[in-house]
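The values are calculated or read from the model by the stated rules, or taken from the named source; none is laboratory data. Since we're looking at a predicted model, the values are computed, not measured. Neighbour counts run over all protein chains shown; Cβ positions are idealised from the backbone, glycine included.
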Amino acid sequence: MHLRHLFYLLLTSLFFQSCISNKKLIYLQEGEGNTVSDSTSITALTKPYKVQVNDILYIDIKANDPGLVAIFNTTESENNNLGNNPGALYFNGYTIDIHGNIRIPILGEINVLGYTTDEIRKIVEKKLLEEYLKESANPFVTVKLSGLNYSVTGEVANPGQNVLFQERATILEALASAGDVTVTGNREDVLIIRQYPDGKKIHSVDLTKKSLLNSPYFYIQPNDQIYVKPLKQKSWGTGTTGFQTFTTIFSVVSVITSTVLLIQNL
């Protein structure tokens, strides 16, 4: 009897360890030492992104006389196609080469590495007025990133490479575009592999804590690689819900019991 009780206790312990608790699935939870002081602290961390090698810029130049700046811009049909075909930006945009330069007709090579899009806009406007246009042309320059390119791998519904056409996006929005983290995904240790001028660095974020809002990694950057680790429950194969775990364990117990009874009857 003692061994039987020990066996049941062992199965019960396995049942509770195999289930994925609700606490591991909820985003942005409150907790001790896990608070957000105010909304301004979030804004303070959203520093403007500085472009890097292989980023693609969309640059549009307008003037009082459209004919003066026609050489800088793609045709109207190509511009309309950019929204329907994101890949067109690769051919029509300005890719930053390994030296940090972009090549613009007439203006030649311009170094933009480490500048924000607003700073690049001012650089292009200044170069236009110095080398090509007069003040009376009233040039109007728009500079944007060709989109937020990032990839998501691991425990998400739709892993792969994604592009978001907006100025900035949070890691929660990035994961939502990938179908969200699966039940067996580890929300407490999501890795972000981020490119810096001196190389790549790996950062870990906990999606279950509200303090994520104060993290410098709450907003993703172009070319981020997001990896969601699996929970141990996935490798155990006992199920993701209590019912699935109970069914699995019940099946195992049934097989063991049948085997023991069969051996005893021999």
Can you tell me which condition residue 244 does not meet? The list is (1) modelled with pLDDT under 85; (2) assigned to a strand (DSSP E or B); (3) not hydroxyl-bearing (Ser, Thr, Tyr), and all the others hold. (2)
Identify, please: which residue in segment 87-138 is over 20 Å from residue 50 (Cα atoms) and without any contact (Cβ under 8 Å) to a residue 12 or more places away in the chain and is, among those, nearest to the chain's Cα centre (by Cα)? 87
Residues being in contact with a strand residue (DSSP E or B) (Cβ under 8 Å, 6 or more places away or on another chain), surrounded by fewer than 17 Cβ atoms within 10 Å (Cβ to Cβ) and at pLDDT 85 or above: count how many of those fall in segment 64-96. 1
Determine, yes or no, whether residue 137 is assigned by TED's automatic domain parsing to the domain that holds residue 192 and at negative phi. no
